[in-house]
Amino acid sequence: MQPPKLKRLYEVMEINGVKVFVHWSVLLISAVVLMGAISEPATALAGLASYYGVILLHECGHMVAAQRKHCAVWSIELYPIWGITRFAEPYSRFDHCVIAWGGVVAQVIVAAPIMIRTGSCAVWGCYVLGNWMGSSISRVTQTIQSCWRCWRGTNASF
């Protein structure tokens with residue numbers, strides 16, 4: 001009797017004709033996290049799904065950009081802290097740049113409406129603006145609080 005072979009990657013789904021593979025360590029880490037969160041498994045499962053969902057979303061952005069630039073996409077591989085989209089060589093450096101930024105664009109398309117809806121976009125923008133202007137930490141905090149009150153409509157004088 002031979003021990004079972006541990007494959008490096010496992011196929012988990014197919015998206016738009018592209019196979020998605022998960023490394024065995026992702027499955028192991030997910031199992032360990034779920035076992036360690038016996039008191040609140042739903043929260044742990046939601047966290048894991050969100051984390052790996054963002055990685056998958058990012059890789060799907062590369063996939064869509066590559067397909068729009070007429071590059072063959074062979075697979076998406078998910079690892080514990082990164083992913084890889086395997087595709088054919090683009091026709092130009094510009095096409096390669098578009099494909100490279102496709103992952104970030106996909107994340108922004110999903111994150112922007114959430115940030116706008118929750119108001120976190122205004123807070124983050126004020127924080128960045130405050131740092132860019134060289135404000136002290138207390139001034140940045142005041143700016144964030146003012147922006148937050150303005151965003152929520154509780155500070156009419158701003």
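Arranged by the count of other C-beta atoms within 10 angstrom, fewest first, what order do Lys19, Lys7 take?
Lys7, Lys19
Could you tell me which of rounded, prolate or oblate describes the stretch 44-126, using a ≥ b ≥ c as the square roots of the eigenvalues of the alpha-carbon gyration tensor, with rounded for a/c under 1.5 and, failing that, prolate when a/b is larger than b/c and oblate otherwise?
Here the stretch 44-126 falls in the oblate category.
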Spelling out what I want: for every residue of the stretch 96-101, take phi, set θ = phi - 60°, compute 6.51 cos²θ - 1.76 cosθ + 1.60 (Karplus), and round to whole Hz; glycine and proline get x. 5, 5, 4, 5, 4, 7
Less than 14 Å Cβ to Cβ from Glu11, Lys/Arg counted +1 and Asp/Glu -1: what total charge do the surrounding residues give? +2
Computed lengthening from Ile81 to Val54, 0.36 nm per intervening residue step minus Cα-Cα distance: 8.7 nm
Mind checking the stretch 30-92 for chymotrypsin sites (Phe, Trp or Tyr not before Pro) that DSSP puts in a loop (not H, G, I, E or B) and that have at most 11 other Cβ atoms within 10 Å? Trp82, Tyr91
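A short reminder: the numbers here are calculations on the coordinates, not readings from a lab. These figures come from a predicted structure and were not determined experimentally. In this analysis, Cβ positions are derived from the backbone assuming ideal geometry, glycine residues included, and neighbour counts consider all displayed protein chains.
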